[in-house]
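To start, the structure under review is shown below, and the notes come after it.
The values are calculated or read from the model by the stated rules, or taken from the named source; none is laboratory data. Since the structure is predicted, the reported quantities are computational estimates derived from the model, not experimental observations. Please note: Cβ atoms are built from the backbone with ideal geometry, for glycine as well, and neighbour counts cover all protein chains shown. Side chains are part of the model used for accessible areas, which takes the heavy atoms of the whole protein and leaves out ligands, DNA and RNA. Shrake-Rupley method; radii C 1.70, N 1.55, O 1.52, S 1.80 Å.
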Amino acid sequence: MATTETQLDYSHALIAPGQGNQKIGMGYELAQVSPAAAGVWQEADRALSDHLGGRKFTDLVWRGEKIELTKTENAQPAIIADSLARAAALKEQGLLDNPGWHAGNSLGFVVACVDAGAMSIEGAVQLGIGRGEAFKYAIDRSPKTTMLALRGEAIERIDELKEKYGIEVCLMNEDNQVVVGGELQNVANTTEYLDDQGLGEAYFPLDVDAAFHTHYMELAIPPYQKVVDNIDITVPTKGYLVGGATVTSLETAEQVRKELVMQLTHTDRWSEVMHHLRDQGVTKMTELNETAKLATMGRRMFEGVVVPVKIRA
């Protein structure tokens with residue numbers, strides 16, 4: 001870690017959410033009251049102009065159709081832009097000091113790279129569209145897949161479900177929530193089995209169009225690797241950056257690049273990231289999301305974790 005910031009707070013972690021948080025209008029109200037947030041969205045408009053044939057990205061996110069925004073290639077840069085805009089607004093309002101730790105759930109790792117000083121906002125938005133397009137490339141050429149969140153006793157059946165239906169672990173969200181994925185029929189068989197076992201309340205489907213973080217995304221690696229290689233990535237300069245695939249503090253640009261690509265097919269071990277942060281003395285978390293889903297999971301996992309004040313609109 002190279003540090004240019006002074007007085008970093010190593011009890012404080014800045015965390016960013018992953019895909020599934022997209023919705024029409026996200027970030028609009030904040031952009032109307034925060035020049036800093038509006039500036040991030042304007043930068044996203046510029047960065048994504050060619051991708052949308054000259055159409056403003058904000059038109060798609062704020063006034064478009066849900067089915068269009070839900071597409072992976074649009075949802076990913078939208079979530080990245082929203083999180084970065086929230087970080088900018090927090091700093092503008094004096095509500096964010098200098099967190100010493102940075103992490104992101106799945107896609108949120110790209111945002112964490114910016115927060116840690118390893119990447120620019122433009123680079124992150126470009127990665128978001130490149131990541132989404134790489135996933136789309138794999139999705140269009142692979143069997144149809146989806147994801148399912150398991151809770152409680154259903155988690156105890158994962159090994160059995162893997163053997164019976166070939167599902168894979170995609171995300172370890174918290175100690176009591178694990179996301180699995182697989183082909184549509186295999187996931188349907190999984191839910192039918194859980195229903196038969198009286199565990200109908202122990203799972204819920206996710207609003208995604210593929211089983212991310214599984215071998216089904218292997219075809220996404222070559223096109224995404226090209227995008228990653230063309231983005232300016234540096235040593236993290238604002239504290240520690242933790243990856244969800246390796247659950248380690250990344251200290252070089254090459255480690256960051258490797259983590260970005262590994263995330264396509266490796267389980268995102270978010271619950272282990274949270275434990276790692278706690279072991280390092282983190283007691284406060286600021287989540288760059290409208291609703292503090294990740295921070296709430298952190299409070300459930302660790303008694304005493306404080307979630308700082310949210311943005312004032």
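Scanning the chain for long hydrophobic helices, with DSSP H runs required to stretch 24 angstrom or more by C-alpha along their axis and to average at least -1.0 on the Kyte-Doolittle scale, returns 72-92, 121-140. Report the local net charge at ARG151: Lys and Arg +1, Asp and Glu -1, summed over other residues whose C-beta lies under 13 Å from its C-beta. Here the count lands on -3. Taking the range 123-158 and a reference point 7 angstrom along Cα→Cβ of ARG299, no backbone N atom is nearer than 17 Å.
Counting protein heavy atoms only, the chain has 47 percent of its accessible area on carbon and sulfur, 1.4 angstrom probe.
For the range 232-241, 3J(HN,Hα) computed residue by residue from phi via the Karplus equation (6.51, -1.76, 1.60; θ = phi - 60°) reads 6, 10, 10, 5, x, 10, 10, x, 9, 10 Hz, glycine and proline entered as x. Its residue count N fixes a reference of 2.2 N^0.38 Å for the range 161-313, and the Cα radius of gyration divided by that reference is 1.19. Taking TYR193, TYR224 and ordering them by how much accessible surface each has at a 1.4 Å probe, largest first, produces TYR193, TYR224.
For the chain, the 222 nm mean residue ellipticity estimated from helices alone, with every DSSP H stretch of n ≥ 4 adding -39500 (n - 2.57) and the total spread over all residues, rounds to -13500 deg cm²/dmol. Extending 7 Å from the Cα toward the beta-carbon at both LEU95 and ASP232 defines two label points whose distance is 3.1 nm.
For the chain, relative contact order (Cα pairs under 8 Å, six or more residues apart, normalised by length) works out to 26 percent. Taking 0.36 nm per residue of separation and subtracting the current Cα-Cα distance, fully stretching the chain between GLU156 and GLU192 would add 11.3 nm.
Quote to one decimal, in nm, the extra length available between THR283 and ASP59 on full extension: 0.36 nm per residue of separation minus the C-alpha distance between them.
Working: separation 224, 0.36 × 224 = 80.64 nm, distance 3.82 nm.
Result: 76.8 nm gained on full extension.
Note on TYR137: accessible area approximately 100 square angstrom, rounded to 10, probe 1.4 Å, nucleic acids and ligands left out.
Relative to the globular-protein estimate of 2.2 N^0.38 Å, the Cα radius of gyration of the range 229-276 stands at 1.13. Listed cross-link partners LYS71/LYS238; LYS91/LYS136; LYS144/LYS258 are compared with a 31 Å cut-off, the Cα-Cα value being larger for LYS71/LYS238; LYS91/LYS136.
In the full protein context, the range 1-127 carries 36 Å² of accessible surface per residue, based on a 1.4 Å probe and ignoring ligands, DNA and RNA. Scanning residues 5 or more positions from TYR240 or on other chains, those with amide H under 5 Å from its amide H are TRP101, HIS102, with H placed 1.01 Å from N in the peptide plane.
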